[in-house]
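Nothing in this text is a laboratory measurement; each read-out follows from the coordinates by a stated rule. This one's a predicted model, so the numbers in the text were calculated from it and none came from an experiment. We place every Cβ from the backbone using ideal geometry, glycine too, and count neighbours over all the protein chains shown.
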């Protein structure tokens, strides 16, 4: 019997806590805080609350790129939000991001402080605040936003679709794995065709579009996501490979991907970041 024949949906769905899978203990069908939790506030204008997942890496890489440009006003504190422990459901975090997803950012240069949530919104906010990492030419800026929003709409199929069923689901099911593998490979082909004629996503200029896409698709083709490089035949996407390797060598990217990381080799971990000297 095929897996699609083994389940008949109930007339009204009910939440079952024992649904299985890696994140079963923290997934739930309701929003809001589950507990009181005060978030620390460091010495810098910007306070980042995050974890070094692909979405979390975007914000840290953005800050490190701004600092690499000499924009010292972009100094920031980064505090760990351990989603496996449910920190994203703490009262202070939910007040910043009612969607309880990392990353979340507070800008204390405004009165009252400004909250920014959703990784794409954080990238746009910082790009506009510092007039950096977005093309100034209107056409190129539009292309940058095209690809930024492409990533925001596409990555859930990679992460919540392919990544979940291939790596995290309690059992392997052919239908969802086939479905989301097909979509992931289609997305890689979209990128590969585009990058065959462009150095970066928005053209000749590195931008927030690259910063948004690299932690997901760059990590994937470099073999650092879901242990799926062979399964997806990522080596065949040669132009994405070239782009991913090029970006991985940027000093700011090397630093940013370490921020709020609590797994992997000890030398690559950095639960909190408060100063450039933390990388020494």
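Worth a mention:
- Rounded to the nearest 5, the antiparallel percentage of DSSP beta bridges internal to the chain is 60%.
- Most simply put, the stretch 1-131 has about 55% antiparallel DSSP beta bridges, counting only bridges with both residues inside it.
- Residue-averaged [θ]222 nm for the chain, counting only DSSP H segments that reach four residues, each worth -39500 (n - 2.57): -11000 deg cm²/dmol
- Cα centroid of the stretch 97-161 to Cα centroid of the stretch 217-242, whole Å: 24 Å
- With 0.36 nm allotted per residue and the present C-alpha distance subtracted, the residue 175-residue 91 stretch has 26.4 nm of extension available.
- Cβ-Cβ FRET estimate between residue 34 and residue 8, R0 fixed at 35 Å, reported to 0.05: 0.65
- Within the stretch 93-125: backbone nitrogen closer than 16 Å to the residue 41 label point (7 Å, Cα to C-beta): 93-97, 105-116
- Projected label points at residue 68 and residue 267, each 7 Å from Cα along the beta carbon direction, are separated by 2.0 nanometres.
- Using the Cβ-Cβ distance between residue 109 and residue 189 with R0 = 51 Å, the FRET efficiency computed as 1/(1 + (r/R0)^6) comes to roughly 0.75.
- Length gained on full extension, residue 24 to residue 182: 54.3 nm, using 0.36 nm per residue less the C-alpha separation.
- Peptides 150-160, 46-56, 128-138 ordered by packing proxy, namely the average of other Cβ atoms within 10 Å per residue, highest first: 46-56, 150-160, 128-138.
- Remark: relative contact order (the stretch 138-248) = 28 percent; criterion is Cα-Cα distance under 8 angstrom and separation of 6 or more residues.
- Förster-model FRET efficiency, 45 Å R0, residue 277 and residue 236, C-beta, rounded to 0.05: 0.60
- Using C-alpha pairs below 8 Å separated by at least 6 residues, the relative contact order for the chain is 22 percent.
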